[in-house]
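Note sheet for the following structure.
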Amino acid sequence: MPSDPKYFPAGNRIGELSRRLRQLERSHRPLSRAKVTTGCRALDRLLPGRGLVRGSLVEWFGDGPGSGAGTLALVAAREACRSGGLLVVVDRDGTFYPPAAAAWGMDLQNTMVARPENDKDECWSLDQALRCRHVAAVVAWPSRLDAHTFRRLQLAAEDGSCLGLFVRPQAVRGDPSWADLQLSVSPQASQAGWRLVVQLLRCRGRFGKSEIELEINDRTGEIHEAHSGNPASQLARPEASEHSA
């Protein structure tokens, strides 16, 4: 199907990812280090920079698919790709489900999926994708990252001006991290829809306890601040998705 993402399994075909990224280096315009919306204006307002920064890593902590962390990471990746550039999904555990991503507005024709089978191949795939200057965003679910590897990936994202979005279990929140931004996402019971509490844990070395409650409309995909009733805090539209630097 033409709308399917491009898959690059592990093993002797892992080199296909490297070959494809080299092709992109020759054929695409480099991305800037502009700020990018999270896809929700209310969440943007929670962040000191009013958005995410290209060339940085973001950790989204949540437990399980129902936590909402993966959904918010993919929405942010979608926005990062609005102005061009590829989305690379490093999906070691088979978490990524293309039909659901397409329903959230992901361009699957502009998406590459790598499915490494071990820690070494996962870190290699992340490094290669983050370092490519024509990859707009990388989404991954790494559960184990030592400090040396994390630093290497942070430098790769900085070098490639890529937005790295790592969805990780709550159990590793206290581990050493080179992420510029850390957010905790947890679901809350609600009769109005899918409600999430997002807590800002760390931003560029500063720690805080700011948090916001979001509601997601499962039918329309709109994300807005709980109880706000303010259309301005709904899911950001394409024409307003990219912040200037």
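Readers should treat all values here as calculations from the given coordinates under stated rules, not as data from a laboratory. Please read these numbers as outputs of a predicted model, since none were measured by experiment. In this analysis, Cβ positions are derived from the backbone assuming ideal geometry, glycine residues included, and neighbour counts consider all displayed protein chains.
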Taking other Cβ within 10 Å of each residue's Cβ, how do Asp93, Asp119 sort, fewest first? Asp93, Asp119
For each of Glu158, Glu122, count neighbouring Cβ atoms within 10 Å of the residue's Cβ, then give the residues from fewest to most. Glu158, Glu122
Stretchable slack from Glu211 to Gln170, in nm (0.36 nm times residue separation minus alpha-carbon distance): 13.1 nm
5 Å is the cut-off here: which amide hydrogens, built 1.01 Å from N in the peptide plane, fall below it relative to Cys40, excluding neighbours closer than 5 in sequence? Ala236
How would you rank Ile216, Ile223, going from fewest to most other Cβ atoms within 10 Å of each one's own Cβ? Ile216, Ile223
Place a point 7 Å from Cα of Asn110 in the direction of its Cβ. Which residues in the range 34-67 have their backbone N less than 14 Å from it? 37
